[in-house]
1. About its Cα centre, how strong a charge dipole does the chain have in debye, to the nearest 20, once Lys and Arg get +1 and Asp and Glu get -1 at the Cβ?
2. Looking at the chain, do any whole DSSP H helices span at least 30 angstrom along their long axis by alpha carbon and average -1.0 or above on Kyte-Doolittle, and which?
3. Rounded to the nearest 500, what is the chain's calculated 222 nm mean residue ellipticity when only DSSP H runs of at least 4 contribute -39500 (n - 2.57) each, over all residues?
4. Translational D (Stokes-Einstein, µm²/s) of the chain at 20 °C and 1.002 mPa s when Rh comes from the Kirkwood sum over C-alpha pairs?
5. Within the accessible area of the chain, what % is carbon and sulfur when the probe is 1.4 Å and the other protein chains stay in place?
6. Order 106-114, 127-135 from most to least packed using the mean count of other Cβ atoms within 10 Å.
7. Please give the per residue accessible area of the range 1-80, computed with a probe of 1.4 Å over protein heavy atoms only, in Å².
8. Could I get the Rg over Rh figure for the range 1-50? Both from C-alpha atoms, Rh via Kirkwood, rounded to two places.
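The values are calculated or read from the model by the stated rules, or taken from the named source; none is laboratory data. All figures in this text were calculated on a predicted structure; none of them were measured in a lab. Heads up, the Cβs are rebuilt from the backbone with ideal geometry, glycines too, and the neighbour counts pull from every protein chain shown. Remember, those area values only see protein heavy atoms, side chains included, never the ligands or the DNA or RNA. Shrake-Rupley method; radii C 1.70, N 1.55, O 1.52, S 1.80 Å.
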Amino acid sequence: MDESRALRRAGWAGAASVVLLALGVTLTALAGVDDPSVSDAEILARIDDGARQTAAGIGLPVIAVGVALLLWFTTGLRRVLDRLSGGDLLAHTAVPAAALFGGVTITAVGLDVSSAVTALTDEFTPDPNTVRVLGTAGAVIGLTGLIGGAVLVAVTTRIAQRAHALPTWAVWLSYAVAALCLSGFWTAGLGSAAFSLWLIGAVIGVLRAAQRTPPAPEATSG
């Protein structure tokens, strides 16, 4: 497969990953409890709700597929970074950073919805305090895990800055996104929202790079 087509497919994988991650998080949030101040009655009603349990069961694999597509996209992004940097090893941290973000996200969401999923069986007696602890743990882990997103943003931005591939305002805006991701624990959902918007911009960048990449010459028979 020629490089232009590979980059284009990686770009569309990134676009799909943004959609699936947002959808998965929305579905699992229906069954999760990440606010410790919620009343006991509301917690029990939430985790015993069949529709919410179904949403959690659908949302988690949707997130997993989104993470897989994110890794596909990041391999294309790394190729673009390799080209911009002339093979700088810094570009090789992009894929592990995305893997860190994805793995932590799945873990965090799994903790948050574990009580609702377990409530599907008759062997579990729901306890609101247990649900609170698991939900809070999921939120803390997920927000802290944004450090993977911070590394991805910072590495991409630094290489693009060296190559003069981005305007100054975009460079500093990207660094601000990285800072928000690093402080995700204190900024609640702001870091996650900023990272999602940055991902959309990165997808556009990879798709544009695919357009600028000449297709591979057709093989000629001798």
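1. 1240
2. Result, helices passing both filters: 3-29, 50-85, 94-118, 190-212.
3. One gets -26500 deg cm²/dmol as the mean residue ellipticity at 222 nm.
4. Answer from the Stokes-Einstein relation: 115 µm²/s.
5. 66
6. 106-114, 127-135
7. Value returned for the range 1-80: 47 Å² of accessible area per residue.
8. The Rg/Rh ratio comes out at 1.36.
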